[in-house]
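Quick notes on the structure that follows.
The values are calculated or read from the model by the stated rules, or taken from the named source; none is laboratory data. Only a predicted model underlies this, so the values are computations on that prediction, with no experimental measurement involved. Cβ atoms come from the backbone with ideal geometry, glycine included; neighbour counts cover every protein chain shown.
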Amino acid sequence: MSDEADCSAQPLFCRDSDADPTGTLARRLFQLQTLNEASFELSRLASTDEIADSFLLTAMGALGAMQGFVLVISADGSRRVLSVRGFPEAETEGLRGDPARVMQTYCSTVKPGQPAPPSRPHILFAGKGGSPTLFPTGTAILVKWVMDEECGFVGLGAKLKDAYTGDDRDFLISLTATFQHFLGRASFLEEIHRLNDGLLAGNTELQESLAASRRLGKELDRRIYHLKSVNDTVNELSGLLDSGELMQRFLLLAMGAVSAARGYLALFSQSGDKRRLVSRGMEESSLAGADGPRISRLVTRMLFSGAQGCGSDGLRRGLAEDADVLVQAGLPADMPGVWFVVDDTRFGFMGLGERLSATAFDPLECDFLLTATGAFTIFLRNAGLYEEKTRLIDTLASQNRELQDTLDCLTRSRQEVDVLKAAKQRITELVRCEMDRVGRVSVMDFVLILCVSLAIGILFNSANPSGVSLIPAGWGRPPIQAVDPSLARARLDQGGAIIVDARPREFYEQKHIPGAVNLPLSLFDFVYGMEMADMDPAREVVVYGGNISRRYDDDVAALLIERGHSDVKVLSGGLDAWENRGFPVGP
């Protein structure tokens, strides 16, 4: 086989030692791939500490350094991020204990409340003969940047072999810019063009492989295009929090990247009862046969077939190009695409058709679709979390409004009670004065007192929506079944019953049966809605809490029966009987 054919089989560069005697092109390709992988990896992380750790490991591994650190300091001198690898703890004491001194020495222009103009990362120190002041001994290269009210440093120890070259320093600056919220994307593209220019310049010295070099140049251009498309996809989707808009934008980006005139993106819930669909260049009616269960079977089949499936990044997605498989899932046979799993509750499929090139997806297009879909699933997952958080906030706000209405009603009732108490006090004083005047008690006095009491009760009931029953409610309702404490203890240990403490909160906090739900009579509706609304009505409920002055347990048990609970019992003898049996109670 010819040398030209051997080179064409390589993914990007011909590895022939005659074509690249110094290894420069291979080394630069390695740096470029590290930048791309670091950009994608950092975009998946949420916390600054995780980003710093991942970035530092990438920088040390790519440059062959055994030691390194990342330090980000706020304008007030406080340390915001610190990641150290390889340096002894004693060497980094200055970074840990006195970041304000580092800030004052190297970033004195950064002041609190006065954001400084952003500066591109630059080399602060590089060479032999000692280390910069306040940084660990053995620091061979130090990079600094400023953004708003923060100042950052990246330091690396000596390389395992040789010293840091100009290419090493440029690479570290570009990698640091990627760490600084992907501001180094322009540097990343410049490095690609510089490598391409170097390849074209080297072609003049390699006349025997001119044809192969031209084909490699075209391949490189396509790879650059797809890498740029991935970056554009990440940048385009990173600020979106609406799932529908995310789906629309991603479908358009994918269609443009692979030159497709038609496309659709369908998202299903795990139960199969919900579907979200966006399409371009086609009627949605052509996807009527695509339902959740059929797509779920397709995804399950692909996962277990081992085709793509779960990659090293933990994301689950893959290509589906077989026409028979698509038809079985109710999808158009002429629109191959990508299946993906967002999380445990959602999955989907994206189909693309009528491409300018009638051939199947080539390896570069496959890599782009899988990488871009992986980024899309991450953003879609984040959007789902945001939408769920918004829903919970709205629910909480609604509950707060209901609670406020309840508190307002209680306040008004309290005011009405205060008025009635004042009236009661005046009437009591009037009666006392009258009794003192008469000097003795008669039957008419008792009749008068009884009439006044009835009048006060009727007046209170007419002013208060809750009212006070003139005849205790317990007198007219059938007795509630009682349960022996030993039997109740056995049912609780088996998990077959739930125990309810009907006493007011202050009594519950003094002592109660472990695991009991406090359901005070005065707050029954509110606490029941929070603690027991979702409980199975058929489950056994044991209530305790009666005392000499009030049968809280009977009243709460009656309310539970009214709510539909079919198996409600009262603890025989209450909490005292429980303690007398030696059963546990807690504060």
Boolean, residue 55 is surrounded by 16 or more Cβ atoms within 10 Å (Cβ to Cβ), assigned to a loop (DSSP other than H, G, I, E, B) and in the same structural domain as residue 139 (by TED's automatic domain parsing): no
Sole exception among (1) closer than 15 Å to residue 477 by Cβ; (2) part of a helix (DSSP H, G or I) for residue 578, by number: (1)
Looking only at segment 62-118, and only at residues there that are assigned to a strand (DSSP E or B) and polar (S, T, N, Q), the one that is modelled with the highest pLDDT: 83
Of the criteria (1) of a type in the set (A, V, I, L, M, F, W, C); (2) part of a loop (DSSP other than H, G, I, E, B); (3) at pLDDT 85 or above; (4) within 30 Å of residue 413 (Cβ to Cβ), which one residue 530 fails: (2)
Cross-chain or 6+ apart pairs with Cβ under 8 Å, segment 75-102 first and among the aromatic types (Phe, Trp, Tyr), then in a loop (DSSP other than H, G, I, E, B): 87/67; 87/136; 87/138; 87/157
Yes/no for residue 285 being over 23 Å from residue 391 (Cβ atoms), of a type in the set (Ser, Thr, Tyr) and modelled with pLDDT under 85: yes
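Could you say whether any residue in segment 568-583 is among the β-branched types (Val, Ile, Thr) and farther than 19 Å from residue 496 by Cβ?
So in segment 568-583, the residues among the β-branched types (Val, Ile, Thr) come out as 568, 570.
Still in the running and farther than 19 Å from residue 496 by Cβ: none.
No, that holds for no residue.
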Breaking point among (1) among the β-branched types (Val, Ile, Thr); (2) in a loop (DSSP other than H, G, I, E, B); (3) surrounded by fewer than 14 Cβ atoms within 10 Å (Cβ to Cβ), for residue 139: (3)
Segment 332-353 - residue that is farther than 14 Å from residue 267 by Cβ and hydrophobic (A, V, I, L, M, F, W, C) and, of those, surrounded by the fewest Cβ atoms within 10 Å (Cβ to Cβ): 333
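Suppose the filter is surrounded by fewer than 18 Cβ atoms within 10 Å (Cβ to Cβ) and outside any loop (DSSP other than H, G, I, E, B); does residue 244 pass it?
Numbers: surrounded by fewer than 18 Cβ atoms within 10 Å (Cβ to Cβ): yes; outside any loop (DSSP other than H, G, I, E, B): yes.
When the stated conditions are applied, residue 244 passes them.
Taking residue 338, is it touching a helix residue (DSSP H, G or I) at 6+ places or on another chain (Cβ under 6 Å) and in contact (Cβ under 8 Å) with a residue 12 or more places away in the chain?
Working: touching a helix residue (DSSP H, G or I) at 6+ places or on another chain (Cβ under 6 Å): yes; in contact (Cβ under 8 Å) with a residue 12 or more places away in the chain: yes.
Judged against the criteria, residue 338 is a match.
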Count - residues of segment 156-183 that are closer than 14 Å to residue 61 by Cα and either out of contact with any helix residue (DSSP H, G or I) (no Cβ under 9 Å at 6 or more places or on another chain) or among the aliphatic types (A, V, I, L, M) (or both): 6
Enumeration of residues in segment 371-410 that are surrounded by fewer than 18 Cβ atoms within 10 Å (Cβ to Cβ) and hydrophobic (A, V, I, L, M, F, W, C): 385, 392, 393, 396, 397, 403, 407, 409, 410
For residue 410: the one exception among (1) farther than 30 Å from residue 43 by Cα; (2) in contact (Cβ under 8 Å) with a residue 40 or more places away in the chain; (3) not in a loop (DSSP other than H, G, I, E, B): (2)
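For segment 487-498, state whether one or more residues are in contact with a Ser or Thr (Cβ under 7 Å, 6 or more places away or on another chain) and at pLDDT below 90. If you could, list the steps in order and put the result at the bottom.
Applying the first criterion (in contact with a Ser or Thr (Cβ under 7 Å, 6 or more places away or on another chain)) to segment 487-498 yields none.
Checked segment 487-498: no residue is in contact with a Ser or Thr (Cβ under 7 Å, 6 or more places away or on another chain) and at pLDDT below 90.
For (1) hydrophobic (A, V, I, L, M, F, W, C); (2) outside the structural domain of residue 331 (by TED's automatic domain parsing); (3) not in a helix (DSSP H, G or I), each residue gets a yes or a no:
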site: 364; (1), (2), (3): yes, no, no
site: 392; (1), (2), (3): yes, yes, no
site: 399; (1), (2), (3): no, yes, no
site: 406; (1), (2), (3): no, yes, no
site: 419; (1), (2), (3): yes, yes, no
site: 423; (1), (2), (3): yes, yes, no
site: 427; (1), (2), (3): yes, yes, no
Test: residue in segment 564-572 that is under 30 Å from residue 398 (Cα atoms) and surrounded by 15 or more Cβ atoms within 10 Å (Cβ to Cβ): yes
Test: residue in segment 253-268 that is part of a helix (DSSP H, G or I), modelled with pLDDT of 75 or more and within 28 Å of residue 390 (Cα to Cα): yes
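Among the residues of segment 463-486 satisfying the criterion of being small (Gly, Ala, Ser) and modelled with pLDDT of 70 or more, which is farthest from residue 527 (Cα to Cα)?
For segment 463-486, the residue satisfying everything is 486.
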Residues located in segment 278-291, provided they are within 13 Å of residue 328 (Cα to Cα) and either touching a helix residue (DSSP H, G or I) at 6+ places or on another chain (Cβ under 8 Å) or part of a helix (DSSP H, G or I) (or both): 287
